[in-house]
Structure formats: structure tokens, C-alpha cells
Amino acid sequence: MDLGLEGKVALVTASSKGLGRGAAMALSQEGARLVICARGAEALQETASQLPGESLALALDVTDPDAPRRLVEAAVERFGGLDIVVANSGGPPRVRALDIDEQGLDSALNANLKTSLRLALEAVPHMRSRGWGRICFITSYGVKQPIPELAYSNVARVGLAAWAKTAAADLAGEGITVNVVCPGLHATDRVKDLGVTARLGDPEDLGRVVAFLCSEPAAFVSGVTLLVDGAATVGLL
């Protein structure tokens, strides 16, 4: 299937490793031109060297409130526009619901809600100017089935999914889609460090799911919150 991504400009955050890297690789393999970012310059450059297509790698902390604007401006300056945003960020610390504190909650909301909103809001005007755009948020299966020991993540990511659903309706008819991917456990460094022994997904496979949601054939897929978890989540909806 031709995903219609040849020559499109895509921005993928937190993309030097794991799920973000999987998404960047899949989009690049489909012919998109990439802007990738992460805090670690060495890992970022290694990923950039492995992408088959043209890319721009910027060592930035995407949780810095000014970083989304700088990333979007860099994409427009380098490639002349922006078509696709895949917003990804690392998860907050483990904590039970009754053990949260205000500082930890503020940090989680910034990293896993506000950062993605800033990216989307910076990108939408450029997408509107082209009459075409794809926004995809990589979150967690905790959106569908809250994870008891990840209370910060549950709160922030569910809020992002709710915003995405309403934004998708607001953008319907403008050629811009907004979707949320909810990964289950994948073979990322973070999951491996936790010593998880359950069956794990391949980050590159998840990246291909993201690429489809960002594709031309997925033009009528918007407002979706999609589990990619190997049937691990037990809820019906």
C-alpha cells in the first residue's frame, strides 16, 4: 500500500530511542523528511544516521516550554512546511494515586500533556496553510485501563486523549486528523530496565501503526484512541 507520505515533512519528538525512534524510522522509510529530537545528542545522531531519508536532528528537551515552537520553526525553515507531528515523551515516575504531590503532578502534566498540546498548536497553522495534516500522540494503554502505580501518567495522558478527541472534531473537514496511539508493553529501554518479562511488542511495528495513521489512506480516521497492546488490556472499549 502506498501511504502517500513521499516528501511529507514530519516532526517526531523523543525519537532517539524506543517508540519515538520506531515512528521516525517508519515515516522515513515511507519517504517522509524528518525532524527528530531528544535530549541526548549522541543517541540522536546515531538514530539520524540510520534513517533512510533526509532528516534534521535537534538536541532539545521537548518539555522546555519554548522547544515546540523552535522545533516547528526549524522544520519550516529546513523543509518549507510541516505536515505531520508525532508527539512522544517519556513517562513520569511511578506513584500510587494517594501518594501524588503537587510538584510531581505539575511535572507530569507538563511532560505528558502540555508539551504535546504546545506541539499541536504550533503545527496546526502550517497544516491549515497546506490543507493537510496529521497529528498523532503516543501515550499509553493507561488511557484505557489506568495503571495502579502510574497515577501521574494516568491523569496526564487521559487529559491529552480528551483534548485530542475534541480537537479532531474541531479540525474535521480541514484535511487534518488527530489520533492517539496507546501502546502496551514494548521492548524499549525503559520497559527492559523495569525487568518486565511479559510478551513485548516491537517498537518498529508500533511505528508502522503510527505511519498508517499519518498516511493519506487514513484521511477519514480521526478522533481515534487506538490500543496497540497485543490484547493485554481487558476493557471492552
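The values are calculated or read from the model by the stated rules, or taken from the named source; none is laboratory data. The shown structure was predicted, so the numbers you read here are calculated from the model rather than taken from an experiment. Using ideal geometry, Cβ is built from the backbone for each residue, glycine included, and neighbour counts are taken over all protein chains shown. Please note that ligands, DNA and RNA were not included when accessible areas were found on the heavy atoms of the full protein model with its side chains. Shrake-Rupley method; radii C 1.70, N 1.55, O 1.52, S 1.80 Å.
One table, with the values for the structure above:
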{"item": "Per-residue HN-Hα couplings for the stretch 88-104 [Karplus 6.51, -1.76, 1.60; θ = phi - 60°; Hz; x = Gly/Pro]", "result": "9, 7, x, x, x, x, 6, 6, 7, 4, 7, 10, 5, 10, 5, 5, x"}
{"item": "Along each principal axis, Cα extent of the stretch 15-147, largest first, Å", "result": "47, 32, 27"}
{"item": "Accessible-area ranking of Y152, Y141, largest first, probe 1.4 Å", "result": "Y141, Y152"}
{"item": "Pairwise label distance in nanometres, L200 with L121, each label 7 Å out on the Cα-Cβ vector", "result": "3.6"}
{"item": "Cα gyration tensor shape for the stretch 86-187, rounded if a/c is under 1.5, else prolate or oblate", "result": "prolate"}
{"item": "In Å², nearest 10: area of D101 left accessible to a 1.4 Å probe", "result": "80"}
{"item": "Neighbourhood charge, 14 Å Cβ-Cβ cut-off, centred on Q45 and excluding it, Lys, Arg +1 and Asp, Glu -1", "result": "+1"}
{"item": "Fraction of the pair-distance distribution of the stretch 151-237 above 14 Å, Cα-Cα pairs, percent", "result": "70"}
{"item": "Portion, in percent, of the accessible area of the stretch 1-99 that falls on carbon or sulfur, probe 1.4 Å", "result": "45"}
{"item": "Which of K8, K144, K17 is most accessible, then next, and so on - probe 1.4 Å", "result": "K17, K144, K8"}
{"item": "Volume in Å³ per residue [convex hull over Cα atoms, computed for the stretch 70-134]", "result": "93"}
{"item": "Net charge of neighbours whose Cβ lies under 14 Å from the Cβ of S215, counting Lys and Arg as +1 and Asp and Glu as -1", "result": "-2"}
{"item": "Average accessible area per residue (Å²) across the chain - probe 1.4 Å, nucleic acids and ligands excluded", "result": "46"}
{"item": "Spatial separation of Cα centroids for the stretch 168-237 and the stretch 90-150, in angstrom", "result": "14"}
{"item": "By accessible area with a 1.4 Å probe, ligands and nucleic acids excluded, highest first: order of V76, V181", "result": "V76, V181"}
{"item": "Anisotropy class of the stretch 54-107 from Cα gyration tensor, a/c 1.5 cut", "result": "prolate"}
{"item": "Cα gyration tensor shape for the stretch 21-87, rounded if a/c is under 1.5, else prolate or oblate", "result": "oblate"}
{"item": "Qualifying aspartates and glutamates (Cα of each under 19 Å from Cα of K8; at least 8 residues distant if same chain)", "result": "E30, E54, E73, E77, D83, E122, E174, E216"}
{"item": "Per-residue SASA entry for F212, accessible area with 1.4 Å probe, Å² rounded to 10", "result": "80"}
{"item": "Label corresponding to P(r) over Cα pairs in 10 Å bins from 0, in percent when calculated from the structure given, among [x] 8, 35, 39, 16, 2; [y] 8, 30, 31, 20, 7, 2, 1, 1, 0; [z] 6, 25, 33, 21, 8, 3, 2, 1, 0", "result": "[x]"}
{"item": "Angle between the chain longest axis and helix 18-29 axis [Cα atoms, degrees, rounded to 10]", "result": "20"}
